[in-house]
Amino acid sequence: MRMDVDGAPVEGQPAPGQCLRTYLRDQGRFEVKKGCDAGDCGACTVLVDGRPVHSCLYPALRAEGRDVTTAGGLAPGDQAHPVQDSFARHFAFQCGFCTPGMTVTASTLTEDDLPDLDRRLKGNLCRCTGYRPIREAVEHAVRGCGGSCVGCPGGTDDAAATAGANARPPAADRVVQGREPYTFDTDIPGLTHLKVLSSPHAHARIVAIDATEALAIPGVHAVLTHEDAPATRFSTARHANRLDDPRDTRILDSTVRFRGQRVAAVVADTPALAEAGCAALRVDYQVLPAVLDPEEARSPGAPLVHPGLTPEDGVEDASRNVVASWRGAYGNVGRGLARATVFATGTWSNARVSHAQLETHGSIGWIADDGRLTLRTSSQVPFLTRDELALVLDLDPATVRVFAARVGGGFGGKQEIFTEDIVALAVLRTGRPVAYEMTREEEFVRTATRHPFRVTATLGADSDGRLTAMDIEVLSNTGAYGNHAIGVMFHGCAESLEAYRSPAKRLHAEVVYTNTTPAGAFRGYGLGQVIFAVESALDELALQLGMDPFEMRRINAVKDGDKLGVTERRHHEDLVFGSYGLDQCLDLAQEALVRGNGVEAPEGWAVGEGMALSMIATIPPRGHPATAAVTAFPDGTVEVAAGTVEFGNGTHTVLTQLAAEVLGLSPAAVRLHTSDTDATTHDTGAWGSTGITVAGKAVHAAAVALRELLDDGAEIPEAGLTAHGETDGKIRSLAFNVHAARVAVDVETGRVRILQSIQAADAGTVLNPAQCRGQIEGGVAQGIGSALYEEVLMGDQGSPTNPAFRVYRVPQIADVPETEVYFAETSDSLGPLGAKSMSESPYNPVAPALANAIRRAIGVRPMEVPMTRDRVWRLAASAPTPTPSTSRDTRLASAGEPSPGGTLTSDG
Ligand code: FES
């Protein structure tokens with residue numbers, strides 16, 4: 001069979017039933033990405049005879065005799081198609097995994113398509129950008145502005161990457177043409193493939209596994225079971241201190257604790273043979289009682305998920321399924337509430353959310369020529385992964401190398417070991433190169449979700465609007481394993497309570513095991529869940545007092561120099577205000593809301609405005625060390641070596657800018673060697689929004705040291721002149737975000753339309769405004785998804801029932817309005833060149849701001865996210881008084897008459 005691919009003939013014979021995507025990738029056409037294999041995400045889009053198709057749904061045989069064009073063939077030679085050039089200039093990508101497919105679709109559009117852009121691009125999902133720069137890039141390419149118009153932030157490359165310049169991401173040209181390699185965009189000779197058999201039970205003991213039939217299949221090389229796995233327990237979560245998480249996981253265990261957990265793995269010549277091997281395994285289970293609800297899990301007599309674990313293992317009370325708890329208090333909460341003029345109390349709950357990064361988890365492992373176990377993996381944490389694998393597999397860390405290519409999105413989901421351990425075991429067992437690439441369904445079933453929280457908040461305020469007491473109870477469900485359970489609970493509670501001054505605070509938080517899909521690290525790390533409750537309750541106080549909610553925050557929020565701590569005896573001595581821009585953020589967001597944007601609500605829809613704030617520490621607690629090196633060469637170039645990973649967080653751009661700025665070079669003179677345990681001596685990893693504040697700081701220090709050497713007259717030898725930098729990441733600053741929104745609600749259907757979306761951010765010195773704006777827009781888009789659409793639905797076995805993008809609603813381009821982004825003018829004394837982190841935090845205040853706007857539109861408070869259409873319809877239908885119309889009384893400036901406090905329920 002013959003087809004033309006990017007103008008060149010390709011001859012071959014597809015396997016029976018093979019789709020065009022895998023056929024093209026078998027030919028080395030790695031521009032064609034895999035995001036879902038179900039026609040939902042568009043990462044695999046190619047042109048067939050000029051028409052965009054999802055190649056994962058298109059039979060390869062149907063392409064016989066046709067012209068197939070990938071992102072790499074849209075323009076002749078190495079040139080970029082005009083739409084690809086526009087994507088690069090407009091920062092229309094972050095991780096870039098969606099970008100080749102997106103540019104293929106966009107290349108077919110004309111000016112006539114622009115009014116219908118939402119429909120024309122609806123088959124291409126982007127999880128990172130929030131779509132605004134994509135929309136702009138397409139519009140500008142189609143209209144042929146050539147980068148000269150306002151809105152082309154990277155239209156000209158900046159000669160010097162000064163702080164504040166829109167330096168173009170170093171990989172931009174390769175990303176937009178699909179030439180930038182991701183984890184699986186490589187050829188490894190003799191590669192074998194690993195597939196996993198899933199548990200059909202929520203809780204069971206494996207009595208026996210008969211692998212006879214599987215091993216008899218030609219091409220099957222090995223079956224791995226718990227009998228092959230080391231006894232050492234670990235956590236899939238990775239932190240600088242491995243003891244931060246309970247050691248409750250084995251690579252393969254004799255007990256399965258959630259439906260979908262690994263039971264066994266099969267290694268074979270092809271993925272299909274490995275799957276056939278899994279199907280041929282005969283497993284005998286002893287089914288055990290399961291507990292699915294977190295409240296039931298901590299009740300007497302509940303089935304125990306990890307009965308044998310102790311505090312030594314990092315589990316506080318296995319006899320109650322409690323992984324950890326936190327009780328803290330100061331002042332007299334009872335007295336504070338008694339003297340309150342108004343109070344608000346209620347229980348808010350958050351659904352499970354999937355990271356839905358477009359690149360699924362996966363690793364390729366092999367024994368390298370130097371004899372080392374080598375892993376190429378989609379990880380945010382190569383160093384921490386190497387160290388833990390060495391410990392679990394009883395290897396010398398020096399004999400293990402872990403590195404990442406560009407990672408196609410993470411959002412915290414790749415701060416885990418979900419594939420590397422089983423691949424490493426398979427490589428050691430077979431001696432062969434082994435790949436394990438998760439399917440989209442596996443992502444939902446076997447990785448992690450955001451922790452579902454139930455948060456009961458009781459807040460009181462006096463007649464001036466000053467808080468008199470805050471009483472917060474949190475119950476977090478970590479599922480069957482405790483990866484990130486403790487950190488998410490502590491972090492979620494800390495900065496959400498510490499963002500406010502109150503004479504009395506009380507906190508009781510617990511995180512429990514259940515026999516459900518594990519939860520893990522997710523953008524915001526618990527803050528979004530608790531902030532949803534706190535900011536909703538505060539809004540209720542403002543409503544009762546007839547007070548402007550911005551003013552309510554001005555009165556009560558922390559001020560520059562405050563000591564922070566949930567209990568007054570335990571201040572965080574490591575948290576300092578390196579800068580403070582919350583006051584500016586409140587002003588900027590309010591001014592924008594008052595100005596409005598002219599977007600009108602549909603006739604008859606109810607309109608409301610809402611806002612919320614969030615605070616976040618710029619570095620996770622208790623140290624986040626990183627090292628870096630910068631080497632100058634006689635040809636005037638430099639190489640930056642750092643351990644951190646680029647997964648859409650813009651780290652590569654900023655590291656380039658920092659080195660170029662300090663050394664007075666053009667960004668083009670800077671090369672990067674990152675994401676590799678061979679690159680430097682240690683890096684904690686790309687999590688906790690530390691790209692700038694930790695890795696950036698280490699690179700900045702190395703560049704400054706090199707500058708000093710050069711200023712002192714040091715010669716640059718042929719092999720280069722190297723200087724080192726490091727940071728321990730122990731002293732942390734604080735960053736702020738304020739989100740505001742005006743929404744319209746159709747009370748007849750429950751539809752919510754965001755009329756105006758505003759976010760003001762305190763990011764310190766903004767090193768790259770176009771890129772930082774993109775981070776904020778992407779965070780807001782993900783926040784809108786969590787607030788209005790996204791929910792991993794759990795079945796009666798405690799596992800997802802909607803494990804596909806067709807039934808799990810990631811926002812499409814039509815769902816995301818443009819967000820006005822404003823920056824406070826601050827400069828942080830701790831961050832490199834005055835910068836602070838801004839990756840996770842924009843996500844956190846979005847859901848409460850939208851909930852507060854919906855509350856003011858329909859008169860009933862949402863207590864649950866996502867605020868789906870059916871839920872909002874029910875709320876509106878339960879409104880005790882006629883639903884407000886589109887009148888001005890729903891504006892925040894005149895919130896209504898004071899009223900006595902009360903208990904909020906899901907009925908309002
Ligand atoms: Fe679109 Fe990451 S840039 S999915």
Using a Förster distance of 25 angstrom, determine the FRET efficiency expected from the C-beta separation of Asp210 and Asp369, and round it to 0.05. 0.10
Which value in nm describes the separation of the simple spin-label points at Leu243 and Asp583, placed 7 Å from the Cα toward the beta carbon? 4.3 nm
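Considering only protein heavy atoms and a 1.4 Å probe, what is the carbon-and-sulfur percentage of the accessible area of the range 219-260? Before the final figure, lay out each step's value.
Numbers: 500 of 1290 Å².
It is 39 percent, rounded to a whole number.
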Separation between the Arg622 and Leu391 pseudo-spin-labels, each 7 Å from Cα along Cα→Cβ, expressed in nm? 1.2 nm
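Using a 1.4 Å probe on the protein chains only, how many percent of the accessible area of the range 1-81 belongs to carbon and sulfur?
Details: 1590 of 3490 Å².
C and S fraction of accessible area: 46 percent.
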Placing +1 at every Lys and Arg Cβ and -1 at every Asp and Glu Cβ, with all other atoms neutral, what dipole size does the range 528-590 have around its Cα centre, in debye to the nearest 20? 200 debye
At 37 °C and a viscosity of 0.692 mPa s, what translational diffusion coefficient does Stokes-Einstein give for the range 648-785, taking Rh as the Kirkwood radius over Cα pairs? Give it in µm²/s as a whole number. 183 µm²/s
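At R0 = 22 Å, how high is the FRET efficiency between Asp712 and Asp635 if r is their beta carbon distance? Nearest 0.05 is fine. Intermediate results must be reported in sequence, preceding the final value.
Numbers: r = 21 Å, r/R0 = 0.96.
So, using R0 = 22 Å, E works out to roughly 0.55.
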Per-q log10 I(q)/I(0), the range 779-825, q = 0.14, 0.28 Å⁻¹ (Debye; single scatterer per alpha-carbon; no solvent): -0.46, -1.04
Quote the accessible area belonging to Thr447 in square angstrom, nearest 10, computed with a 1.4 Å probe and with ligands, DNA and RNA left uncounted. 10 Å²
Return a whole-number percent for the relative contact order of the chain, with Cα pairs under 8 Å and 6 or more residues apart as the contact set. 14 percent
Between the alpha carbon centres of the range 390-451 and the range 312-329 the gap in Å comes to 28 Å
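Return the percentage of antiparallel bridges among DSSP beta bridges fully within the chain, rounded to the nearest 5 %. It would help to have the intermediate numbers written out before the result.
Numbers: 107 of 139 bridges.
Roughly 75 percent of the beta bridges in the chain run antiparallel, per DSSP.
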How long are the semi-axes of the equivalent ellipsoid of the range 564-707, taking √(5λ) for every eigenvalue λ of the Cα gyration tensor, in whole Å from largest down? 38, 23, 14
Förster-model FRET efficiency, 41 Å R0, Arg335 and Ser666, C-beta, rounded to 0.05: 0.05
Leaving out ligands and nucleic acids, note down the accessible area per residue over the range 280-326 with a 1.4 angstrom probe, in whole Å². 49 Å²
Please compute the per residue accessible area over the range 684-816 with all protein chains in place, 1.4 Å probe, rounded to a whole number of Å². 32 Å²
Hey, any idea what % of the range 628-758's accessible area is carbon plus sulfur with a 1.4 Å probe? 50 percent
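Considering only protein heavy atoms, what per residue accessible area in square angstrom results for the range 232-271 with a 1.4 angstrom probe?
On the way: 1010 Å² over 40 residues.
Ligands and nucleic acids excluded, the figure is 25 Å² per residue.
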Taking 0.36 nm per intervening residue step and subtracting the Cα-Cα distance, what contour gain separates Thr801 from Arg554 on full extension? 84.6 nm
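Nearest 20 debye, what's the magnitude of the dipole of the range 493-629 about its Cα centre given +1 on Lys and Arg Cβ and -1 on Asp and Glu Cβ? Numbers along the way, then the final one.
Values: 12 positive and 19 negative charges, 134 e Å.
Using Cβ point charges on Lys, Arg, Asp and Glu, the range 493-629 gives about 640 debye.
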Name the residues of the range 717-734 whose amide N is less than 18 Å from a point 7 angstrom out from the Cα of Glu573 along the C-beta direction? 728-733
Rounded to the angstrom and largest first, Cα extents along the principal axes for the range 639-716 equal 38, 24, 18
With all protein chains modelled, accessible area of Lys122 [1.4 Å, Å²]: 110 Å²
Count the lysine pairs in the chain that are 8 or more places apart or on different chains: how many have C-alpha atoms under 18 angstrom apart? 11
Using all Cα-Cα distances in the range 36-77, what percent lands in each 5 angstrom bin from 0 up to the longest? 6, 24, 29, 23, 14, 3, 0
Compare the Cα positions of Met552, Leu304, Gly72 along the charge dipole of the chain (+1 at Cβ of Lys, Arg; -1 at Cβ of Asp, Glu; about the Cα centre) and return the one farthest towards the positive end. Leu304
Looking at Thr618, Asn350, Gln775, which one has the Cα that reaches farthest to the positive end of the dipole of the chain (charges on Cβ: Lys, Arg +1; Asp, Glu -1)? Asn350
Once label points are set 7 Å from the Cα along Cα→Cβ at both Lys730 and Leu191, what is their separation, rounded to one decimal in nm? 4.4 nm
Restricting to Cα atoms and excluding each atom paired with itself, what does the Kirkwood estimate give for the range 344-437 in Å? 14.3 Å
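Ratio of the chain's C-alpha Rg to 2.2 N^0.38 Å, to two decimals? Could you put the intermediate results ahead of the total?
Values: Rg = 26.8 Å, N = 908, 2.2 N^0.38 = 29.3 Å.
The value comes to 0.92.
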When the charge dipole of the chain is computed with +1 on Lys and Arg Cβ and -1 on Asp and Glu Cβ about the Cα centre, the Cα farthest towards its positive end, among Ile417, Thr826, Gln84, belongs to Ile417
Where the centroid of each part is defined by its Cα atoms, how far is the range 805-861 from the range 202-250 in Å? 39 Å
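Placing unit charges on C-beta atoms (Lys and Arg positive, Asp and Glu negative, everything else neutral), compute the dipole magnitude of the chain about its Cα centre in debye, rounded to 20. Display every interim value, and only then the final one.
Values: 82 positive and 112 negative charges, 350 e Å.
Its charge dipole is roughly 1680 debye.
Write down the percent of antiparallel bridges among all DSSP beta bridges whose residues are both part of the range 261-407, to the nearest 5. Kindly include the intermediate steps, with their values, before the conclusion.
Numbers: 6 of 10 bridges.
So the antiparallel bridges in the range 261-407 amount to around 60 percent.
I need the trypsin sites (Lys or Arg not before Pro) found in the range 411-481, filtered to DSSP loop residues with at most 11 other beta carbons within 10 Å of theirs.
On the way: sites: Lys414, Arg429, Arg440, Arg446, Arg450, Arg454, Arg466; in loops: Lys414, Arg450, Arg466.
Filter output for the range 411-481: empty list.
The values are calculated or read from the model by the stated rules, or taken from the named source; none is laboratory data. A quick note: this is a predicted structure, and the numbers were derived from the prediction, not measured. Every residue, glycine among them, receives a Cβ derived from its backbone with ideal geometry; neighbour counts consider all protein chains shown. What goes into the accessible areas is simple: the full protein's heavy atoms, side chains included, and nothing from ligands, DNA or RNA. Shrake-Rupley method; radii C 1.70, N 1.55, O 1.52, S 1.80 Å.
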